[in-house]
1. Please identify the pairs in which a residue from segment 4-23 that is under 16 Å from Ser111 (Cβ atoms) and of a type in the set (Ser, Thr, Tyr) has its Cβ atom under 8 Å from the Cβ atom of a residue that is crowded, with 20+ Cβ neighbours inside 10 Å and at pLDDT 90 or above, counting only partners at least 6 apart or on another chain.
2. Which one is surrounded by the fewest Cβ atoms within 10 Å (Cβ to Cβ) among residues in segment 124-156 that are at positive phi and modelled with pLDDT of 55 or more?
3. All but one of (1) within 12 Å of the chain's Cα centre (by Cα); (2) modelled with pLDDT under 95 hold for Val110; state the number of the condition that does not hold.
4. Give just the number: which of (1) surrounded by 16 or more Cβ atoms within 10 Å (Cβ to Cβ); (2) over 12 Å from the mean Cα position of the chain (by Cα); (3) at pLDDT 95 or above does Ile119 not satisfy?
5. Scan segment 47-62 and give yes if some residue there is modelled with pLDDT of 70 or more and either more than 20 Å from Ala11 (Cα to Cα) or more than 11 Å from the chain's Cα centre (by Cα) (or both), otherwise no.
6. Residues of segment 19-44 being at pLDDT 90 or above, part of a helix (DSSP H, G or I) and buried (at least 22 other Cβ atoms within 10 Å of the Cβ), which ones?
7. Among Glu79, Glu93, Glu71, which is surrounded by fewer than 16 Cβ atoms within 10 Å (Cβ to Cβ), under 22 Å from Tyr27 (Cα atoms), modelled with pLDDT under 95 and touching a strand residue (DSSP E or B) at 6+ places or on another chain (Cβ under 8 Å)?
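The values are calculated or read from the model by the stated rules, or taken from the named source; none is laboratory data. Quick caveat, the model's predicted, so the values are computed rather than measured. Note: ideal-geometry Cβ built from the backbone for every residue, glycine included; neighbour counts use all protein chains shown.
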Amino acid sequence: MKAKYKRILIAVDDTECSKKALEHALYFATMKGTILGLVHVTEHATPTNYGVDPLMGQQAIIVPESIHIQESAALQLLEEIKKNLEASNNLGEIVCFHRTGIPRQEILAVSIEWEADLIVMGTHGRTGFDHFISGSVSESVLRRASCPVLIVPGKC
């Protein structure tokens, strides 16, 4: 059977929600001619006040080592997921994307640039005050995507 979704973009991180979304995406990926895209977004480093005295007029700083550690961890995560998929499944091509920025914006940008036919992502299912403060990346992607979006709840 020929794949309806030829390019499936999966938003991945190191959470259980992401693992569940990956499992669901693999259902569509087993069809002939499907290419999987794995995208991981590292948020911009935030300045820290550690070791800084604001009373002395010192500004918060960004520690360059933390940026390097985050990028290395992200690339390692993507490579590990790709290696596991290649070893355990009869899949076609797997492409990895690592971006730095605001997750919802970067996921949408990759989906457009890569011409994804389907975006698959997990959601933490936050509600109330947590949802108000942190928002929902999956909800934002769903509202703005130019292709179908499959959102897999973390509680499923």
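1. Tyr5/Leu118
2. First pass over segment 124-156, keeping only residues at positive phi: 125, 128, 135.
Still in the list and also modelled with pLDDT of 55 or more: 125, 135.
On the way: Gly125: 15, Gly135: 12.
Checked segment 124-156; the qualifying residue surrounded by the fewest Cβ atoms within 10 Å (Cβ to Cβ) is Gly135.
3. (2)
4. (2)
5. no
6. Correct list: Ala21, Leu22, Ala25.
7. Details: Glu79 fails: modelled with pLDDT under 95; Glu71 fails: under 22 Å from Tyr27 (Cα atoms).
Within the list Glu79, Glu93, Glu71, the selection yields Glu93.
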